[in-house]
Amino acid sequence: MSPDAFSGKLNDALSQVNNLQKGADATLHSLASGEKVDLHGTMIALEEADIALRTMVSVRNKLVGAYEQVMNMAI
């Protein structure tokens, strides 16, 4: 996989996580403002956004760990 393809996939994943976060925030804002919103759907959107964010943080941690291992290799 080329570096451009990898960075493209990473950018797509970040964009999806961002969209989930924005969607969950919008549904939560609607619920808090008293609009008639499906509570079950709101909770599902919040959990989806939470899981996506946790997954992205885990991927980031793995990438940082791999980078640190490469940088600590003796040449």
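Per residue, how much accessible surface does the chain expose to a 1.4 Å probe? Answer in Å², no decimals. Let's see the in-between values first.
Working: 6130 Å² over 75 residues.
With all protein chains present, the chain gives 82 Å² per residue.
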* the chain: GluC sites (Glu not before Pro) in DSSP coil with no more than 14 other Cβ atoms inside 10 Å -> E35
* To do: Filter the trypsin sites (Lys or Arg not before Pro) in segment 19-75 to those in DSSP coil with at most 10 other Cβ atoms within 10 Å of their Cβ, and list the result.
  => K36
* Structure fact -> At q = 0.16, 0.22 1/Å the base-10 log of I(q)/I(0) from the Debye formula over the alpha-carbon atoms of the chain is -0.70, -0.97
* To do: Please give, to one decimal in nm, the separation of the simple spin-label points placed at R54 and L28, each 7 Å out from Cα toward the Cβ.
  => 1.5 nm
* Structure fact -> Simple spin-label estimate for I44/A66, 7 Å along Cα→Cβ, in nm, reads 3.3 nm
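For K36 and L10 in one chain, what is 0.36 nm times their gap in residues minus the Cα-Cα distance, to one decimal in nm?
Numbers: separation 26, 0.36 × 26 = 9.36 nm, distance 3.60 nm.
The K36-L10 span can extend by a further 5.8 nm.
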* Structure fact -> Using a 1.4 Å probe on heavy atoms of the protein chains only, the accessible area for M43 in Å², nearest 10, reads 100 Å²
* Using a probe of 1.4 angstrom, how much of the accessible area of the chain is carbon and sulfur, in percent? -> 61 percent
* With point charges of +1 on the Cβ of Lys and Arg and -1 on the Cβ of Asp and Glu, referenced to the Cα centre of the chain, which listed residue (S15, T27, T42) lies farthest in the positive direction of the dipole? -> S15
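Rounded to the nearest 20 Debye, what is the dipole magnitude of the chain about its Cα centre when Lys and Arg each give +1 and Asp and Glu each give -1 at the C-beta?
Details: 6 positive and 9 negative charges, 37 e Å.
In total the dipole reaches around 180 debye.
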* Would you list which lysines come within 18 Å of K9, measuring only between C-alpha atoms, while excluding same-chain residues fewer than 8 positions from it? => K62
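The values are calculated or read from the model by the stated rules, or taken from the named source; none is laboratory data. These numbers come from a predicted model, not from an experiment. Cβ: placed from backbone, ideal geometry, glycine included. Neighbour counts: every protein chain shown. These area figures cover heavy atoms from the full protein model, side chains too; ligands, DNA and RNA do not enter into them. Shrake-Rupley method; radii C 1.70, N 1.55, O 1.52, S 1.80 Å.
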